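What follows is a single structure, written as structure tokens, with notes after it.
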Amino acid sequence: MTDFEGLKALVTGGASGIGRATADLLAERGAQVAVLDLDPSAVEKPLLGYRADVTDDASVRQAVASAVADLGGLDILVNNAGIGAQGTVEDNDDEEWHRVWNVNVIGMVRAARAALPQLRESSHAAIVNTCSIAATAGLPQRALYSATKGAVYSLTLAMAADHLREGIRVNCVNPGTADTPWVGRLLDSATDPAAERAALAARQPSGRLVSAAEVAGAIAYLASPLSGATTGTSLAVDGGMQGL
Ligand code: NAD
């Protein structure tokens, strides 16, 4: 199936984990794909890599402009770059709140602002934001991270309303714990990473972590013309966590 033949996509945070799996899947399905990342050095052809920091508006604008010029337009923005934070409200100071908020929320706003003029030119325009079950699940020890993802969820709904009549759909995916380098780094910091991984898997309703490819599949659906009547929704990719 070549759902994305002729479409051009930009994936932020596309050098690793969910973003990389998404960039690879869209390219396999026929899209021309650009990746924006802090470190695009591992991004290989046919993907195009652009170095940018989503906390730096000028670098985002420059990378998006270069990607649009090289791709010859833009139909899909996958707003995926994000970082984690652990702890209760007493554990993270103002500086940490500003730092994580700047990446996870305003970073998505910056990429959207830079991409919207090009997306308006597309007849299949879609934005997919990588949110999280943390937006609505009330996870312990994740106050700051959850607040940023709650904001991403609200941003998705507001943007869907704002850009509906411009023909730009805006949706988000809500992954559960996904097996990415990020989660790998967290596990590696445990005393016994293998035991911690097994315990983490056992805590999931399905008994295993979600794969990056499974999240990419949901993002691809929401980015593709197959979901042409869907906007302002969140799609859970959490191995059954919601509702169990
Ligand atoms: P990852 O660390 O494997 O990949 C994140 C990528 O984003 C990296 O390539 C990194 O370089 C890039 N990045 C980080 N800060 C950036 C910045 N300031 N500017 C540009 N690029 C930047 O992480 P992942 O697990 O694939 O997470 C991707 C997204 O998925 C995040 O938004 C995260 O919140 C979300 N998410 C992850 C999980 C999970 O369990 N892994 C669950 C729910 C949601």
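Where a number appears in this text, it was derived from the coordinates with a stated rule and is not lab data. What you see is a predicted model, and the numbers here were worked out from it, not measured in a lab. Methodologically, a virtual Cβ is constructed for each residue, glycine included, from the backbone with ideal geometry; neighbour enumeration extends over all protein chains shown.
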Could you list log10 I(q)/I(0) for the stretch 99-244 at q = 0.16, 0.19, 0.22 Å⁻¹, which the Debye formula gives when each Cα is one point scatterer?
-0.90, -1.18, -1.43
Taking the alpha-carbon centroid of each part, what is the distance from the stretch 1-37 to the stretch 94-133 in angstrom?
16
Counting every C-alpha pair in the stretch 122-199, the percent lying more than 17 Å apart is 58
4 °C / 1.567 mPa s Stokes-Einstein diffusion coefficient of the stretch 52-143, Kirkwood radius on C-alpha pairs, µm²/s:
89
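Mean residue ellipticity at 222 nm from the helices of the chain, using -39,500 (n - 2.57) per DSSP H segment of n ≥ 4 over the full residue count, to the nearest 500 deg cm²/dmol? Before the final figure, lay out the partial values.
Values: 9 runs with 104 residues, N = 244.
One gets -13000 deg cm²/dmol as the mean residue ellipticity at 222 nm.
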Measure nothing but the geometry: give the 0 to 90° angle between the long axis through the Cα atoms of 143-163 and the longest principal axis through the Cα atoms of the chain, rounded to 10°.
20
Taking 194-200, 6-12 and ranking on average Cβ neighbours within 10 Å, highest first, one gets 6-12, 194-200
Using alpha carbon centroids, what distance separates the stretch 218-236 and the stretch 140-154, in Å?
22
Answer in debye to the nearest 20: the dipole magnitude of the chain about its Cα centre, from +1 Lys/Arg and -1 Asp/Glu charges placed on Cβ, is 520
Taking Cα atoms only, helix 193-203 is inclined relative to the longest principal axis of the chain by an angle, in degrees rounded to 10, of 80
Percentage of Cα-Cα pair distances in the stretch 1-156 greater than 23 Å, rounded to whole percent?
36
Tilt, helix 57-71 to longest principal axis of the chain (alpha-carbon atoms), in degrees rounded to tens, equals 50
